[in-house]
């Protein structure tokens with residue numbers, strides 16, 4: 001039984017830590033433009049949440065941000081493209097959720113190591129890939145990116161990297177790129193929560209309620225994130241974000257060996 005299953009009164013010491021994790025993830029996202037899920041999910045798991053609980057919390061907290069961003073840039077939406085992306089991603093998402101359910105037989109430390117490996121792989125992929133934007137990208141790469149994204153979103157709640165790389169390959173305007181990514185994930189969220197609910201039951205509903213409570217806390221992180229973002233270059237922010245995510249991933253991977261009693 002994880003801390004989310006218990007009454008808040010029995011977990012007062014954890015509440016400030018959970019709030020700090022959400023503020024930190026939101027600040028990282030606001031400053032660097034990425035990393036909310038990759039930072040918060042493993043840290044919530046370190047605090048004792050199950051993987052599906054952490055994903056449900058993140059999904060609820062992030063949904064408001066993505067919907068607001070999508071609404072503010074709605075004139076840049078290409079609805080035909082967005083529709084097939086959401087439908088295809090939603091079709092592959094259940095396989096990832098099924099795989100996540102299979103992982104529940106493992107020790108929590110092992111599951112955290114797997115999630116750390118996913119984060120580290122994503123960071124390496126985005127760091128090493130040098131994609132030159134072009135006017136036309138073969139449709140295969142779009143289908144491939146969305147299929148992988150949907151699967152990883154179901155498995156670990158971190159389906160962003162394949163979509164980011166695919167979007168970077170296009171000569172789209174910054175607003176079009178951002179709104180495509182935001183509304184894609186907003187469209188996946190209901191399916192993600194539905195399939196998690198079917199697989200893991202009432203714990204997901206409890207986590208969704210916790211996510212609603214944490215939304216105001218998450219919004220607090222936007223303020224320092226934007227402040228930092230205005231004072232550092234994009235390149236510096238990106239590098240700092242990758243370093244932070246690498247440290248979190250390495251901790252999740254090495255923690256059972258370095259701190260076996262924690």
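The values are calculated or read from the model by the stated rules, or taken from the named source; none is laboratory data. It should be emphasised that the depicted structure is a prediction, and the values quoted were computed from it without experimental measurement. Ideal geometry is used to build each Cβ from the backbone, glycine not excepted, and the neighbour counts take in all protein chains shown.
So residue 249 passes all but one of these: (1) buried (at least 19 other Cβ atoms within 10 Å of the Cβ); (2) within 18 Å of residue 64 (Cα to Cα). Which condition number does it fail?
(2)
Checking the structure you have, find out if any residue of segment 77-95 is more than 22 Å from residue 187 (Cα to Cα) and either free of Cβ contacts under 8 Å to residues at least 60 places away in the same chain or out of contact with any strand residue (DSSP E or B) (no Cβ under 9 Å at 6 or more places or on another chain) (or both).
No - not one qualifying residue is present in segment 77-95.
Yes or no: residue 215 surrounded by fewer than 20 Cβ atoms within 10 Å (Cβ to Cβ) and out of contact with any strand residue (DSSP E or B) (no Cβ under 8 Å at 6 or more places or on another chain)?
It is true that residue 215 is surrounded by fewer than 20 Cβ atoms within 10 Å (Cβ to Cβ) and out of contact with any strand residue (DSSP E or B) (no Cβ under 8 Å at 6 or more places or on another chain).
If you scan segment 142-189, which residues turn out to be touching a residue at least 24 places away in the same chain (Cβ under 8 Å), in a helix (DSSP H, G or I) and farther than 26 Å from residue 204 by Cβ?
142, 143, 164, 165, 166, 168, 175, 176, 178, 179, 180
Quick one: count up the residues across segment 1-19 that are modelled with pLDDT of 75 or more and over 24 Å from residue 258 (Cα atoms).
3
Assuming residue 226 fulfils every condition listed in (1) assigned to a helix (DSSP H, G or I); (2) free of Cβ contacts under 8 Å to residues at least 12 places away in the same chain; (3) surrounded by fewer than 14 Cβ atoms within 10 Å (Cβ to Cβ) apart from one, which condition is it?
(2)
Which of the residues spanning segment 63-82 are closer than 30 Å to residue 111 by Cα and modelled with pLDDT of 85 or more?
63
Can you find a residue in segment 85-93 that is buried (at least 23 other Cβ atoms within 10 Å of the Cβ), under 17 Å from the mean Cα position of the chain (by Cα) and at pLDDT 90 or above?
yes
Test residue 236 against the stated conditions and say whether it is surrounded by fewer than 21 Cβ atoms within 10 Å (Cβ to Cβ) and at pLDDT below 90.
yes
Within the group 171, 178, which residue is more than 25 Å from residue 256 (Cα to Cα) and in contact with a strand residue (DSSP E or B) (Cβ under 7 Å, 6 or more places away or on another chain)?
One residue alone meets the criteria, 171.
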